Amino acid sequence: MSETVENVAGNDIRPATPWHLWVVGIIATLWNSGGAFDYTMTQSRNESYMSAFTPEQLDYFYAFPAWADAVWALGVWGAVIGSLLLLLRSRHAVAAFVISFIGLIGSSIYQMTADMPASLNTPAILIFTAVIWLSIILLIWYARMMTAKGVLR
């Protein structure tokens, strides 16, 4: 069912918010909040959170150069902001997701060139990374589609 809403002037009609925007927006916010939590706990060196990692893994995380931390931050916070902007029906969600994608590219470059511990280079980690890539690509596509349809303004 397609609903429309008139603006105050009564001459422009824009689509109502489809139900799937709320589903995608809520799932994206929850998913990306997990990444934000991980980033925050790692950057703050939260003792309770970081105790799950081996000394070798901690050395790896704590040795990130500033640029790698910066692109990780872009990836994580761009995705969180994009998810929230999606829920707010803002076309700026597209830009936030693209910034997140750029951050993911940078993070991936670092991971491919850094001396990563073997314990972090497992099939499970590779699958998880692929899911992250797929999720941000789909979120960019979805936000662009919703913008083209006039749902995001």
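Do the conditions hold for Ser90, that is, is it at pLDDT 95 or above and part of a helix (DSSP H, G or I)? It would help to see each step written out before you state the result.
Details: at pLDDT 95 or above: yes; part of a helix (DSSP H, G or I): no.
In short, no.
Yes or no: segment 52-64 includes at least one residue that is in contact with a helix residue (DSSP H, G or I) (Cβ under 8 Å, 6 or more places away or on another chain), over 19 Å from Ala36 (Cα atoms) and of a type in the set (Val, Ile, Thr).
Yes, that holds for at least one residue.
What number of residues in segment 93-123 are in a helix (DSSP H, G or I) and closer than 18 Å to Phe64 by Cα?
Taking segment 93-123 first, the residues in a helix (DSSP H, G or I) are 93-113, 118-120, 123.
From what's left, closer than 18 Å to Phe64 by Cα: 102-113, 118-120.
Residues in segment 93-123 being in a helix (DSSP H, G or I) and closer than 18 Å to Phe64 by Cα: 15 in total.
Any chance segment 47-70 includes a residue that's open to solvent by less than 50 Å² (accessible area, probe 1.4 Å), at pLDDT 95 or above and among the β-branched types (Val, Ile, Thr)?
No: zero hits.
Report yes if some residue within segment 124-137 is part of a loop (DSSP other than H, G, I, E, B) and buried (at least 17 other Cβ atoms within 10 Å of the Cβ); otherwise report no. Break it down into steps so the answer makes sense when it comes.
Within segment 124-137, the first condition is being part of a loop (DSSP other than H, G, I, E, B), and the residues that meet it are none.
No - not one qualifying residue is present in segment 124-137.
For residues that are free of Cβ contacts under 8 Å to residues at least 40 places away in the same chain and either among the hydroxyl-bearing types (Ser, Thr, Tyr) or touching a helix residue (DSSP H, G or I) at 6+ places or on another chain (Cβ under 9 Å) (or both), tally how many sit in segment 28-51.
So the first thing to find is which residues in segment 28-51 are free of Cβ contacts under 8 Å to residues at least 40 places away in the same chain, and the list is 30, 34, 37-51.
Imposing the further condition that a residue be either among the hydroxyl-bearing types (Ser, Thr, Tyr) or touching a helix residue (DSSP H, G or I) at 6+ places or on another chain (Cβ under 9 Å) (or both) reduces the set to 30, 37-46, 48-51.
Qualifying residue count for the region: 15.
Please enumerate the residues belonging to segment 110-153 that are of a type in the set (Val, Ile, Thr) and touching a residue at least 12 places away in the same chain (Cβ under 8 Å). Step through it out loud before you land on a result.
Restricting attention to segment 110-153, the residues satisfying the condition of being of a type in the set (Val, Ile, Thr) are 113, 122, 125, 127, 129, 131-132, 136-137, 140, 147, 151.
Once the filter is applied, which keeps residues that are of a type in the set (Val, Ile, Thr) and touching a residue at least 12 places away in the same chain (Cβ under 8 Å), segment 110-153 yields Thr129, Ile132, Ile136, Ile137, Ile140, Thr147, Val151.
The values are calculated or read from the model by the stated rules, or taken from the named source; none is laboratory data. Predicted, not measured: the structure shown is a model, and the values here were computed from it. Every residue, glycine among them, receives a Cβ derived from its backbone with ideal geometry; neighbour counts consider all protein chains shown. For accessibility, only protein heavy atoms count, side chains too; no ligands or nucleic acids. Shrake-Rupley method; radii C 1.70, N 1.55, O 1.52, S 1.80 Å.
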